[in-house]
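Everything on this sheet refers to the single structure shown next.
The values are calculated or read from the model by the stated rules, or taken from the named source; none is laboratory data. Fair warning: this is a prediction, and the values are worked out from it, not measured in the lab. FYI the Cβ positions are ideal-geometry reconstructions off the backbone, even for glycines, and counts take in every protein chain you see. When the accessible area is computed, the model is the full protein with side chains, heavy atoms only, and any ligands, DNA or RNA have been set aside. Shrake-Rupley method; radii C 1.70, N 1.55, O 1.52, S 1.80 Å.
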Amino acid sequence: MFASVRSATLLGVRGSRVDVEVHAGIGLPGFTVVGQPDEVCRESRDRVRAALLSAGLPWPTRRVTVNLAPTGDRKSGACLDLAIAIGLLAAQEIVSVDVLSEFAFVAELGLDGSLRPLRGATPLVLALTDRTTIVAPENFVEASAATPSNVLCAQNLFDVVECLAGRADWQREVRDSKPTDALNRRRDNRDRDVSANSSAERVSALDMADVQGQPVARRALEIAAAGAHHLLLVGPPGAGKTMLAERLVGLLPPLTDEEAIATTMVHSSVHLESPNAGLIRRAPYRAPHHSSSMVSMVGGGTALMRPGEISLASNGVLFLDELGEFAPSVLDALRQPLEQGIVRLARARTSVVMPAKFLLVAATNPCPCGEGSPGACTCDESARARYLRRFSGPLLDRFDLRVAVSRPKTDELVSPQRGESTRDVANRVAAARELAFFRSGCANSALSREQLDLVAPLSRSAEKRLRRELENGRLTGRGYHRVRRVARTVADLDGAPDVVSDEHLNLALMMRVDLASGLRARELQF
């Protein structure tokens with residue numbers, strides 16, 4: 001007998017359809033899986049056999065061949081377990097073959113026949129939108145975030161068979177079958193508190209009012225959030241660089257429906273969020289340690305092509321603290337994703353494209369000792385030169401804003417007066433972003449050269465100033481367009497939607513200091 005069952009497997013952050021073809025024929029009893037399965041996929045034979053017997057269902061005493069089509073793509077993980085089990089039952093005429101055309105099956109099987117959750121439920125279900133997908137109860141909310149009307153769940157394999165036969169109803173809500181299961185799920189949720197989604201919630205709760213002084217850095221943070229401009233903070237230890245960067249995500253508006261689905265797909269593929277989280281609506285926040293490897297930052301590393309930090313930060317903030325301690329090769333790997341908003345990973349057998357549209361915020365000391373200013377710095381010129389060589393010119397050129405941050409003054413630290421709150425700043429950011437999207441359909445940092453000429457015309461004096469900067473070699477071609485985009489954002493925040501004036505351009509130029517100057521950069525006044 002022959003049966004075909006629809007399922008899906010995960011590659012990168014996207015699901016790929018798989019037709020599980022099962023043939024039970026005459027011959028010595030055996031079980032073979034073909035179609036480029038990995039080791040975990042081959043082990044499904046033992047999991048499925050134990051699950052069938054535990055559920056009181058027969059194991060075929062025939063020659064069984066399972067083909068995973070299309071055969072040209074590699075199949076990974078245990079997401080095909082349930083589909084293989086249903087295919088075996090259909091090949092034995094225990095389950096009707098006709099009813100299978102309406103369903104797809106994505107779940108791992110436990111040896112007791114229970115349906116276990118998988119990572120990547122959201123992208124897997126999105127690959128099967130033409131059918132009703134059966135998932136484990138723990139994946140129900142996560143999968144329903146993609147297609148709410150096409151997801152059902154069941155507790156175990158026996159329940160799936162009963163529902164397919166029409167003798168029972170499908171489960172449409174999550175309920176705990178055993179106290180120990182609920183305890184384990186709560187324990188899993190607690191362990192995932194270090195996830196990007198939990199981190200974003202923690203960081204977004206921080207208030208800008210806690211920042212004492214720092215008018216320049218606060219203004220830079222507001223501009224970065226309003227225009228999605230990359231920001232580099234340069235200053236000594238204790239100046240508040242990390243404190244400022246952690247409050248940036250709270251200024252960002254909620255994700256749109258399209259951004260929420262894309263972000264949820266990425267986080268689902270690494271199983272970061274809580275099973276009952278649904279769509280991720282907050283901008284994610286990622287702050288990898290400076291010892292992170294190239295693979296952990298960019299992605300790949302396994303046959304599954306796991307997304308890296310730049311993909312997990314997509315539609316949110318990637319914060320690189322102690323930028324000078326990251327490996328230069330890792331930092332240079334960010335250059336292409338910063339420009340294109342995607343990362344292309346190519347391996348011998350496959351290639352994937354992952355999202356990498358993130359807002360980069362970095363913090364660094366101006367020199368090895370951290371002080372940078374004359375009289376306080378203990379580094380010689382050779383030590384400073386070696387330190388600055390860790391940052392390539394092309395990478396620094398991609399930062400729209402490079403701001404010197406000095407330690408707050410004593411009066412600012414001890415003052416009982418609090419700064420402006422996150423809510424007030426976020427309202428201005430939201431208004432500026434709304435204006436930008438109404439005008440050009442994108443954030444100001446994504447404006448093309450043609451769009452700049454249309455939506456960011458310069459006044460005569462501003463045009464002359466920018467021309468002098470180019471002639472003196474203080475701006476590259478890329479820097480020229482980035483300064484214009486920042487000036488457009490400054491004008492939007494100031495309520496000047498028409499011409500970009502000399503005042504707006506001057507502020508954009510003053511917030512693009514040379515890293516070598518460190519804290520020697522002149523102080524801005526507000």
With the Cα gyration tensor of segment 403-476 in hand, give its eigenvalues times 5 under a square root as the equivalent ellipsoid semi-axes, listed largest first in whole angstrom.
33, 23, 10
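Quick check: residue separation of Ser329 and Arg474 times 0.36 nm, minus the Cα distance between them. What number comes out in nm?
Taking 0.36 nm per residue and subtracting the Cα distance, the gain is 49.6 nm.
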Between [x] 69, 66, 61; [y] 85, 46, 44; [z] 79, 57, 45, which matches Cα extents along the principal axes in Å calculated for the structure shown?
[y]
The simple spin-label model distance between Ala431 and Glu93, using points 7 Å out along Cα→Cβ, in nm, is 7.4
Any idea of the accessible area per residue across the chain, 1.4 Å probe, to the nearest Å²?
44
Just tell me the longest site-free run in the chain, where the sites are GluC sites (Glu not before Pro) in a DSSP loop having at most 13 other beta-carbon atoms within 10 Å.
174-522
DSSP beta bridges in the chain [antiparallel fraction, %, rounded to 5]
50
Just to be sure I understand the model, the point goes 7 Å from the Cα along the line to the Cβ. What's the resulting Ser392 to Ala50 distance in nm?
4.9
Accessible area of the chain belonging to carbon and sulfur atoms, whole % at 1.4 Å probe
50
Compute the angle between helix 215-227 and the longest alpha-carbon principal axis of the chain, please, reported from 0 to 90 degrees and rounded to the nearest 10.
40
Angle check, please: helix 422-440 long axis (alpha carbons) against the longest principal axis of the chain (alpha carbons), in degrees 0 to 90, nearest 10.
80
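Sorted by average packing, counted as other Cβ atoms within 10 angstrom per residue and highest first, what order do 62-72, 143-153, 356-366 take?
Working: 62-72: 17.1, 143-153: 19.9, 356-366: 24.6.
Highest mean packing first, the order is 356-366, 143-153, 62-72.
Multiply the residue gap between Glu412 and Arg349 by 0.36 nm, knock off their C-alpha separation, and tell me the result in nm, one decimal place. Each step should come with its number before you reach the end.
Working: separation 63, 0.36 × 63 = 22.68 nm, distance 5.83 nm.
So the extension gain works out to 16.8 nm.
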So, R0 is 30 Å and r is the distance between the beta-carbons of Arg281 and Ala209; what FRET efficiency does that work out to, to 0.05?
0.80
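From the P(r) of segment 224-275, can you give the percent of Cα pairs sitting at distances over 13 Å? Numbers along the way, then the final one.
On the way: 942 of 1326 pairs.
Tail of the P(r) past 13 Å holds 71 percent of the pairs.
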To the nearest Å, what is the center-to-center distance of segment 31-75 and segment 413-478, using C-alpha atoms only?
57
Using a basic spin-label model with each label point 7 Å from the Cα along Cα→Cβ, how many nm lie between Ser382 and Ile342?
4.8
